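The values are calculated or read from the model by the stated rules, or taken from the named source; none is laboratory data. Predicted model, so just to flag it, every value in this text is computed and none were measured. FYI the Cβ positions are ideal-geometry reconstructions off the backbone, even for glycines, and counts take in every protein chain you see. Accessible surface areas use protein heavy atoms only, side chains included; no ligands, DNA or RNA. Shrake-Rupley method; radii C 1.70, N 1.55, O 1.52, S 1.80 Å.
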Amino acid sequence: MISIVIVSLVATTCIEFTSAQAPRPGDPIPIIKYESDGPNPDGSYKWLYQTGNEINAEESGYVKNFGKGEGQEVQVAEGKFSYKAPDGSPIALQYIADENGFQPQGAHLPTPPPIPPAIQRALDYLKTLPPTAATAPSGSRQRPFF
C-alpha cells in the first residue's frame, strides 16, 4: 500500500514538473534579447532578437549607391533566422534581398534535380547558334525572307 502511494506521488510530481516546463498554446513566449539600430539617415539599419522558444533572427540593411540619385540606389537587406521545426529538427535560413530579388539559402530548402546530360548538351548547342528574329534584342529585328 505504501509503495502505491509513493509511486502515485512520484508520478504526480513528474507530471506537474513536465507540464510546468512545456509551454501551452496561448502562453506568452518571452523575448530574451532584442536590439535595434535605425533606420539611419543613410538608409542603414540593424535588428536582432532571440525568444524563449529558440527563435533567433537578425537583419541588417543599407542603401547601395547611396546618394547617386533615384533609380540607381538599391535597398539591400541581409539576414538570417533559425528555429526548431515541429519534429525538433533545426531550421536555419540565410538570405539577401537586393536588386536581384530575395535569395534564401538553407539546407532545408528544396533544390532542383540535375539537368539530364542530353538536355544539357542541347542547351549548350543552342547557345552556339546565331540569334534569330525571336531571340534577337529588340531594335535589331531581322527582316523575313519572303
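Filter the stretch 48-75 for residues that are more than 17 Å from residue 31 (Cβ to Cβ) and either in contact with a His (Cβ under 6 Å, 6 or more places away or on another chain) or of a type in the set (Gly, Ala, Ser) (or both); which is least open to solvent (accessible area, probe 1.4 Å)? Spell out the reasoning first.
Going through the stretch 48-75, the residues more than 17 Å from residue 31 (Cβ to Cβ) turn out to be 60-75.
Subset that is either in contact with a His (Cβ under 6 Å, 6 or more places away or on another chain) or of a type in the set (Gly, Ala, Ser) (or both): 60-61, 67, 69, 71.
Working: 60: 48, 61: 6, 67: 65, 69: 29, 71: 78 Å².
Restricting to residues being more than 17 Å from residue 31 (Cβ to Cβ) and either in contact with a His (Cβ under 6 Å, 6 or more places away or on another chain) or of a type in the set (Gly, Ala, Ser) (or both), the top hit is 61.
Name every residue in the stretch 108-118 that is closer than 19 Å to residue 56 by Cα and surrounded by 10 or more Cβ atoms within 10 Å (Cβ to Cβ), in order of residue number.
Initially, the stretch 108-118 is screened for residues closer than 19 Å to residue 56 by Cα, giving 108-109.
Selection gives 108 alone.
Give the residue that is farthest from residue 37 (Cα to Cα), with candidates limited to residues of the stretch 76-107 that are open to solvent by 50 Å² or more (accessible area, probe 1.4 Å) and not in a strand (DSSP E or B).
Here the answer is 87.
So, residue 3, is that one small (Gly, Ala, Ser), loosely packed, with under 10 Cβ neighbours inside 10 Å, modelled with pLDDT under 90 and in a helix (DSSP H, G or I) or not?
Details: small (Gly, Ala, Ser): yes; loosely packed, with under 10 Cβ neighbours inside 10 Å: yes; modelled with pLDDT under 90: yes; in a helix (DSSP H, G or I): yes.
Taking the combined requirement at face value, the residue satisfies it.
Of the residues in the stretch 48-75, how many are in a loop (DSSP other than H, G, I, E, B), under 30 Å from residue 33 (Cβ atoms) and among the polar types (S, T, N, Q)? Please lay out each step first, then the result.
Our first condition is that a residue be in a loop (DSSP other than H, G, I, E, B); within the stretch 48-75, this holds for 52-55, 65-73.
From the residues that got through so far, the ones that are under 30 Å from residue 33 (Cβ atoms) too are 52-55, 66.
Of the ones still in play, those that are also among the polar types (S, T, N, Q) are 53.
The total comes to 1.
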